[in-house]
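Accompanying notes for the structure given below.
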Amino acid sequence: MHLGSANAAPEKVVSPSVLESQHGSVRPLAAEDLERVAALFLTKFRRRRRHLLDRAIAETAEYMREIYLDPAGQSGASSALVHINRQGGLGGFLGVLKARYELNGAALNAAIIGPFMADPGTDNGLAGPQLLRALHQGGFDLQLTDSANRVSLAFARPMKYQLLPVHCLGWTCIFRPAAMAAAALHRKWPGLPRLALDPCARAFDALAKRRFASPVQLSSPQRVHSEPIDAAQFAERLPTLLSDYSLRPSWRDGELSRLLALAAEKRADGPLHFGGTYDKTGKMLGCYAFYGQTGDIANLLQIQASGSHWGSTLDGLIAAARDMGCVGITGQTHSRFMPQLFGYKNLFFRYAGGTMVRSRIPEVAEAVRSGDIFIGGLMGDRWTRLSSDDFGR
């Protein structure tokens, strides 16, 4: 496939019609599938007490309708796919969000892969490969994910997905270790009373205060400062900071603002906050968006900086989370600010999920191979409620 000109309309994405085989069929998600898909999702990715299950299924199904069947500004059949076995049962599901990229000005259609699951009770082991093959036949120029688990990695690697190892890591910076452990325990067991944990956590953190004190911000010259901004300012400035990438998103007609509004619906990590880093003339050098609230673990959604200003932008992000009263902050790594992360003490790395891209276009594959792609955060699916929220409570 050859890339079109910057002004050419992108090739229309064709949602696959029913693709049949002796092992069942794959077709676009429809409204009548939502409750079955929601029930399978909760079985695979959430633990739910029986008396809350009906409410959780209804809430999950309605959210899936919002992001997969009624996405703002998009028309046509859903890009999300279901596998139906020969008996008419749900064999599997592949959550897909449409997105637009550009490569040196040429328009590209992208598929962002989210939940990927099969029902072991009805699937014969072929639902996963059939779903991926149907996606690859759907007319997308590239397919990507930033949250693949190890099972999904096993399916995707033979299908020539390129793995981005650095993006597969997550980082965590600890401000108050005992309070952070207490927050993590409370997330795992919401019924655990905070009064039983918080006094002990405060006592330990008082002893460890010197070890986990706020670091000196060597990367931020005094002429650079950070300040809160709103979603509209973030949506206006983020695209202008992406010019360093050859392969980058192409948001049009308020798409980014609508995406941020959807991202703000996520509940697990607190409200969504925005900040910007500026020089003395008022020019924005970087921006960030993170979820956070007092006494909890902040979660980075997106960070971007221009040129050599990653360090000062990271400083602003971490200072904002600390000043808010967060006990620590976690986020996805990125090759462009990995060197700056190494400068923070009390910061740890872990495997957080597979980030992979597939494209048959040689220029796209080369951009991915060289790391010249904007991916993760808003160009992934971790911003959705499906990534973390506890439905039905």
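In this structure, is TYR161 in contact with a Pro (Cβ under 8 Å, 6 or more places away or on another chain), of a type in the set (Phe, Trp, Tyr) and open to solvent by less than 20 Å² (accessible area, probe 1.4 Å)? No. Of all the residues in segment 99-111, those that are modelled with pLDDT of 95 or more and either assigned to a loop (DSSP other than H, G, I, E, B) or open to solvent by 10 Å² or more (accessible area, probe 1.4 Å) (or both) number 5. Test ASP269 against the stated conditions and say whether it is among the acidic types (Asp, Glu) and more than 16 Å from PRO228 (Cα to Cα). The answer is yes for ASP269. In this entry, LYS188 is excluded by the filter for residues that are modelled with pLDDT under 90 and either in contact with a Phe, Trp or Tyr (Cβ under 8 Å, 6 or more places away or on another chain) or over 21 Å from GLY331 (Cβ atoms) (or both). Does any residue of segment 25-36 turn out to be open to solvent by less than 30 Å² (accessible area, probe 1.4 Å), closer than 12 Å to PHE391 by Cα and modelled with pLDDT of 60 or more? Within segment 25-36, none of the residues are open to solvent by less than 30 Å² (accessible area, probe 1.4 Å), closer than 12 Å to PHE391 by Cα and modelled with pLDDT of 60 or more. Counting only residues that are touching a Leu at 6+ places or on another chain (Cβ under 9 Å) and outside any helix (DSSP H, G or I), which one in segment 129-147 is surrounded by the fewest Cβ atoms within 10 Å (Cβ to Cβ)? Filtering first and then ranking leaves GLN137.
Taking GLY295 as the residue in question, decide whether it is closer than 16 Å to GLN233 by Cβ and either in a loop (DSSP other than H, G, I, E, B) or modelled with pLDDT under 95 (or both). No; evaluated as a whole, the condition is false for this residue. Of all residues in segment 226-258, those satisfying the criterion of being farther than 21 Å from GLY325 by Cβ, open to solvent by 40 Å² or more (accessible area, probe 1.4 Å), in contact with a Ser or Thr (Cβ under 9 Å, 6 or more places away or on another chain) and not in a helix (DSSP H, G or I) are SER243, ASP244, TRP251. Cβ separations smaller than 9 Å between residues 6+ apart or across chains give the following pairs from segment 56-69 residues that are acidic (Asp, Glu) to residues that are assigned to a helix (DSSP H, G or I): GLU59/ALA38; GLU62/LEU34; GLU62/ALA38; GLU66/LEU262.
Contact map, segment 117-139: residues that are at positive phi paired with residues that are of a type in the set (D, E, K, R), Cβ distance under 9 Å, separation 6+ or inter-chain. Pairs shown: GLY139/GLU11; GLY139/LYS12.
Would you say ASP381 is out of contact with any helix residue (DSSP H, G or I) (no Cβ under 8 Å at 6 or more places or on another chain) and within 23 Å of ARG237 (Cα to Cα)?
When the stated conditions are applied, ASP381 does not pass them.
Within segment 83-96, the set of residues being in contact (Cβ under 8 Å) with a residue 60 or more places away in the chain and surrounded by fewer than 21 Cβ atoms within 10 Å (Cβ to Cβ) comprises ILE84, ASN85, ARG86. Within segment 259-292, the set of residues being more than 30 Å from GLY392 (Cα to Cα), open to solvent by 20 Å² or more (accessible area, probe 1.4 Å) and part of a strand (DSSP E or B) comprises just one member, TYR278.
The values are calculated or read from the model by the stated rules, or taken from the named source; none is laboratory data. In this text, all values refer to a predicted model and were calculated from it rather than measured experimentally. We place every Cβ from the backbone using ideal geometry, glycine too, and count neighbours over all the protein chains shown. The protein model used for the area step is the full one, side chains on, heavy atoms only, and it has no ligands, DNA or RNA in it. Shrake-Rupley method; radii C 1.70, N 1.55, O 1.52, S 1.80 Å.
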